[in-house]
Amino acid sequence: MTRRLLTGNAAAAWGARLAGVDYVPAFPITPQTEIIETLARWFDGGEMRGRLTMLESEHSMVTAAAAAAATGVRVFTATSSQGLLYAMEMIHAVPGWRVPFVLANVSRGLATPITLEPDHNDVLAARDSGFLQIHCASCQEVHDSVLIAYRLAEDARVRLPVIVNLDGFYLSFTREPVEVADPAAARAFLPPFTGRGIEFRASRPVSQAAAVLGGSQYSYFRYETHLAALQALPAYAEIAAAFAEAFGRHHPAVEAYRSDDAEFVFVMIGSFATKARDAVDRLREAGARVGLVRPRLLRPFPAADLRRHLLGKRGIAVIDQNLSFGKGGVLHAELASVLYGEPGAPLLASFIGGLGGRDFAPEEFYEMIDVTRRAADSGRAPEPRLLYTAGELREMRKLQAIAAVERHEDGAGKP
Amino acid sequence: MNEHVIHRVRDLPSAHLLGAGTAMCAGCGGLGALHQVYDVLGEKTVFVNAAGCMTLLANYPFTPFKGSWLYTAMASAPAGAQGVRDALDVLLAQGRLPPAEDLAPVVLTGDGSAYGMGLSATSAAIERGLDFLYLCYDNEGYGNTGQQSSGATPHAARTATSAGGRGHPGFKKDLFAIWAAHAPAYVATVIGAEPLDLARKVETAIGLKGPRLILALAPCPTGWDFEPAALVDVGRLAVNTGIFPLKEYRDGRITHTRIPRPRLPVEAYLSTQGRFAHLFSPRRDDAAIAAIQAQVDRYWQGVA
């Protein structure tokens, strides 16, 4: 095991390399490009055996990834944001092929307006696709999660593709110390892939992704994919335990931080949860019984683990780094659906923040706990809050004033 | 040429590989071409399909193919072939696949995908030098959805989206030229009504490596409005009027494999199909017919 200073992108590439990936169909997009450039270098230099092929779009890239997986090789690919959306037809199609592979998504806010920094509307657009989702908060987790994701995807009970999500910029371009697994240990944890009969061979013809006519057959196959995704819950627990035994790092489906005795808990996913973690420490120092619960696994949704960690608390501040227009935070709705009607269900307060990489100030975390506490006292859930400070609004007004002046000087804005 | 085993009609394969009882329409020119192509290709193939009429061939739990099948999506069948080919190459190179287990990926799409939505993925696969065969059954419209205009619809043809008095205002895209501009290994036009020409071209294609297109004109009784029994007649007229030139591209050169002599007037072909009926009744549209004839004449004037 070697300790290296790696970006999240490099950690993802190392995960793929240590997984002994045979094939990488690729297409570049900021902030993912370092992953495919690194892998291309390793294939060229002979550090990886197999092939990297540049496709002309993410739609083709995901098609090629699944087609290669259906032919019986271990496949890795990566994208981000608009790329994930461009591939969305295939993101929904290929889980039904029941072929395993891993896709790293480097989260980035979606257009419009077009931007570069992260939020989770991109990866949540794949929520109902059949891809499983692991959300990372550190570069070490990215490295570890890629290896775990292959074991999970290839598990005979599961056989579904997995997205490993890392936040653009905050993880993709941030160097952290990462324990890079020893290749032999990685191989022992993740033996070479065999298609186990689901593969194209001249002597054993198969028809993949055939049509069905009628809702009954269709429902059967759709239910099968759902049940396979649910099987990933016990499979994940076993694989995470095996990983902890092999490498000494435990990555549970739901990470709980100082939440056992907490009255109030933040729920967040991704790297911005480390900001909440810091806020928990400060609030604890000030005497507040506050914790953090961070789902790593978003699909399948770890409902039992979340109930275990959250039932009996007074209030939960759910912080969504996404926005479903006309509804609100996606994680909030997901959480409500597994807590509603349960004895000891806590009050849920919904907050939207971190869109397009907007930072959280520590004071905002303190305020969110205050809002949640007051709501719990009153027994009424507050309206969802869109985090935005007076200072930000003032800066925005200045930009709008400049835009108005420019338009006026161009003559375009004259009545 | 010694590379051919097939010289005359009696050399054509007598055993037919594609099973019967598919969901295709009676008299489907695409299915007829596929039958003939498959007999020459053989079953060590994986057909990588894009959305179209033929998507209904593999209908769970039935398939007419003795070999393999992979349905992808309307836009990305060539990328599916890329993934299969790349994976097989990796397995072969690493000794993980006995060469006898190797397969040839064959993209199977209609004109909707080949001329339109799938063109970007096709162009990229050719540019990457992907070793694959592409079979397009061209019935000159989105046939599976009821024959709306596509990039392959010929001028003046009535379709479900060009049902007016003048038919389709556009002109058929030249997919043969688009492929040839990429300098691929092979491009050929074929039609089921000329089985010997078709089989020899498929045989040529099998003997080459790299991107290869077999572009089959697929007379479509439901979309073009003619009796299924007239399939072969309509196909022969497409060739003999010069509307559909049989040709191949190889090593930078285009060769016409059949120069119709005498070349019949285009109306002999147009008048067989309901989609062109407005050119003949209630009043004969001499100008429109002459314009189509002039376009075909111009094409053949350019053929030495």
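Summary table below
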quantity	calculated
Dimensionless Rg/Rh of the stretch A:1-73 - Kirkwood Rh, Rg from C-alpha atoms	0.97
Descending semi-axes in Å of the stretch A:139-182, equivalent ellipsoid built from Cα gyration tensor	24, 13, 4
Computed label-point distance, nm, for sites B:A26 and A:R308 using a 7 Å Cα→Cβ extension	6.5
Exposure proxy order (Cβ contacts within 10 Å, fewest to most) of B:M117, A:M90	B:M117, A:M90
Cα convex hull of the stretch A:2-247, projected area averaged across orientations, nm²	13.4
Förster radius 41 Å - calculated FRET efficiency between A:E363 and A:A111 (Cβ-Cβ, nearest 0.05)	0.85
Debye-sum result for the stretch B:163-270 in log10 I(q)/I(0), which assumes one identical scatterer on each alpha carbon, at q = 0.17, 0.23 Å⁻¹	-0.88, -1.31
Mean residue ellipticity (222 nm) of chain B, computed from DSSP H runs ≥ 4 via -39,500 (n - 2.57), nearest 500	-8500 deg cm²/dmol
B:F47 long-range amide H proximity, modeled H, under 5 Å	B:S68, B:W69, B:L70, B:V106
B:D233/A:R49 FRET efficiency (R0 56 Å; Cβ-Cβ; nearest 0.05)	0.50
The protein assembly as shown - charge dipole about Cα centre, Lys and Arg +1 at Cβ, Asp and Glu -1, debye rounded to 20	840
Whole-number Å³ per residue for the convex hull built on Cα positions in the stretch A:40-115	98
Per-pair calculated FRET efficiency, R0 = 22 Å: B:I206 and B:A100 via Cβ, rounded to 0.05	0.85
For the stretch B:9-301: Kirkwood Rh in Å [reciprocal of mean 1/r, alpha carbons]	19.4
Vicinal HN-Hα couplings computed from phi for the stretch A:242-247 (Karplus, 6.51 cos²θ - 1.76 cosθ + 1.60; Hz; Gly/Pro x)	5, 5, 4, 5, 6, 10
Net dipole in debye of chain A [+1 Lys, Arg Cβ; -1 Asp, Glu Cβ; about Cα centre; nearest 20]	700
Mean-position separation - Cα centroids, the stretch A:221-282 and the stretch B:15-51, in angstrom	50
Farthest toward positive dipole pole in the stretch A:254-388 [+1 Lys/Arg, -1 Asp/Glu at C-beta], among A:F365, A:Y257, A:A279	A:Y257
Spacing of the two label points (7 Å from each Cα toward its C-beta) at B:Q295 and B:A160, in nm	2.3
Test item: B:89-97 mean partner chain Cβ contacts at 10 Å	5
Phi to ³J(HN,Hα) by Karplus 6.51 cos²θ - 1.76 cosθ + 1.60 over the stretch B:93-107, Hz, x for Gly, Pro	5, 9, x, 8, 9, x, x, 5, 8, 5, 9, 9, x, 10, 6
All-pairs Cα distance distribution in the stretch A:93-220, expressed in whole percent, bin size 5 Å	2, 9, 15, 17, 17, 14, 11, 8, 5, 2, 0
Cα convex hull volume per residue for the protein assembly as shown (Å³)	214
Long-range amide H partners of B:K247 with built H, under 5 Å	B:T189, B:T257
Cβ-placed point charges (K, R +1; D, E -1), dipole of chain B about Cα centre in debye, nearest 20	420
log₁₀ of I(q)/I(0) at q = 0.09, 0.17 Å⁻¹ - the stretch B:89-243, Debye sum with one point per alpha carbon	-0.34, -1.03
Square roots of 5 times each gyration tensor eigenvalue, C-alpha, chain A, largest first, Å	36, 27, 22
Helix A:273-285 vs. chain A, principal-axis angle (Cα, 0 to 90°, nearest 10)	50
For chain A: relative contact order, % (alpha-carbon pairs under 8 angstrom, 6 or more apart)	15
Inverse mean reciprocal Cα-Cα distance (Kirkwood Rh) of the stretch A:254-388, Å	14.5
Proxy reagent accessibility, fewest Cβ within 10 Å first, across B:D102, A:D22, A:D305, A:D260	A:D260, B:D102, A:D305, A:D22
Distance from the stretch B:145-180 to the stretch A:154-180 (C-alpha centre basis), Å	47
Label point distance in nm, A:D370-B:A183, each placed 7 Å from Cα along Cα→Cβ	7.1
A:M396, A:M48 arranged by Cβ crowding within 10 Å, fewest neighbours leading	A:M396, A:M48
Full-extension gain in nm, B:T222 to B:Y60, via 0.36 nm per residue minus C-alpha separation	55.8 nm
Top positive-direction residue, dipole computed over the stretch A:1-117 with Cβ charges, set A:M88, A:V24, A:A64	A:V24
Under 5 Å, built H, 5+ apart or other chain: amide partners of A:M48	A:F43
Backbone HN-Hα couplings from phi across the stretch A:353-363 [Karplus 6.51/-1.76/1.60, Hz, Gly and Pro as x]	x, x, 5, x, x, 4, 6, 9, 7, x, 4
Centre separation in Å (Cα based) which lies between the stretch B:247-275 and the stretch B:57-124	30
Cβ neighbours within 10 Å from other chains - mean over A:47-60	5
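All of the numbers you see were taken from the coordinates with simple rules; none came from a lab. Small disclaimer: the values here were computed from a predicted structure and weren't measured. Heads up, the Cβs are rebuilt from the backbone with ideal geometry, glycines too, and the neighbour counts pull from every protein chain shown.
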